[in-house]
Amino acid sequence: MTDRAEADKRPFYDSEPIEAIRLKHPGRIILAAVLVIIVGLFLFDAFTTRGGPKGYNWPEVAKYVFDVRVIQAVGYTLLLTVYSMIIAIVLGVLLAVMRLSPNPVVKAVAWVYLWLFRGTPVYVQLVFWGLVGTIYQQITIGSFSLNVQDLLPAFALAVIGLALNESAYMAEIVRAGLLSVDKGQDEAATALGLGWWHTMTRVVLPQAMRVIIPPTGNEVISMLKTTSLVVAVPFSLELYTRTRDISAVTYKPIPMLIVASIWYLAVTSILMVGQYYLERHFARGVGQRPDVMKPTVETAAVGVITAEEAKLAAIRNETDAKGGER
């Protein structure tokens, strides 16, 4: 049986499947191989040639990575991060609402706050908060007097300094999220009789969270690393300063820097996983295609046919039509 005869018996919509050939990218393979070799050589050198006391000193790293003082410093670092971010998020939401307020005075106060705390370095602000006890030594109200240094220890001053600086950035993040929600959502909620609080908490904020969460996650990770600057207050029990103090005694700074980096990377990795799940939670329903309605009758898929097969199918249909007329 010839190929033409087989084509005559084949339905016009039945054709050979298209064989897709994946393009080859030799450049990518070469680049990947070069990168793997470079990383391998670096790791081999770091753990062999330079892994001794005059290099990275891995035995010293293993000795201090789970040291009690280091673990306590990690705890203080986490407390600084959590407390500062909670205060910063609350203040950021408040400042964002003030920025969007129709009241010009409220809007101006929020703008000046953002201008002040975003325009000066966080280290300078922390140094200033460390000197608050010198400027305001006592607070006197009538016959009642209170010592500021007793009221605000170094840890509290570090939290206040970090939180006030971060709140200026969180305000802009929250404001961008609120502005991303269509104005019609607010108008629809008002038409349904919802007040400002219910409109904001049940309509606007849930939709704005999709825009707010990613940069907020970045700010949390940034705050974790910014805690290394609270030595300016001074507060010396957080991770970086604590490992630096240990290295000042052992005269081995490189292993202690590696210890601090290991813990920063570990905590950052956990935060990134949490950020991923939060983003996925608040992005539900965004970018998803609706379910396609099923057809009421069965349909067949139409394949791809060549020009010759299409011509043969047309001749066959014409012949069948003439035979039917007879």
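Applying 1/(1 + (r/R0)^6) with R0 = 25 Å to the Cβ-Cβ distance of TRP58 and ILE270, what FRET efficiency is obtained, to the nearest 0.05?
0.55
Beta carbons within 10 angstrom, averaged per residue: use that to sort the peptides 104-114, 24-34, highest first. Could you put the intermediate results ahead of the total?
On the way: 104-114: 14.1, 24-34: 9.5.
Put in order of decreasing packing, that is 104-114, 24-34.
Sort 180-193, 64-77, 156-169, 204-217 by packing, meaning the average of other beta carbons within 10 Å per residue, with the highest value first. Show your work: numbers first, answer last.
Working: 180-193: 12.1, 64-77: 16.4, 156-169: 22.6, 204-217: 18.3.
So the peptides 180-193, 64-77, 156-169, 204-217, ranked by packing, come out 156-169, 204-217, 64-77, 180-193.
If each Cα of segment 61-282 is one equal point scatterer, what is log10 of I(q)/I(0) from the Debye formula at q = 0.14 Å⁻¹? With no solvent term, the Cα-only Debye profile gives -0.97. Using the Cβ-Cβ distance between PHE47 and GLN138 with R0 = 45 Å, the FRET efficiency computed as 1/(1 + (r/R0)^6) comes to roughly 0.20. The residues neighbouring ARG69, those whose beta-carbon lies less than 14 Å from its own, together hold a net charge of 0 under the Lys/Arg +1, Asp/Glu -1 convention.
At R0 = 35 Å, how high is the FRET efficiency between ALA20 and ALA283 if r is their beta carbon distance? Nearest 0.05 is fine. It would help to have the intermediate numbers written out before the result.
Values: r = 32 Å, r/R0 = 0.90.
The formula returns an efficiency of 0.65 here.
Projecting the Cα atoms of TRP197, MET256, VAL174 onto the charge dipole of segment 61-282 (Cβ charges, centred on the Cα centre) puts MET256 farthest toward the positive pole.
Only the coordinates and a few stated rules stand behind these numbers; no lab work does. The model shown is predicted, which means the values in this text are computed figures rather than measured ones. Here the Cβ is made from the backbone with ideal geometry for all residues, glycine too, and neighbour counts use every protein chain on show.
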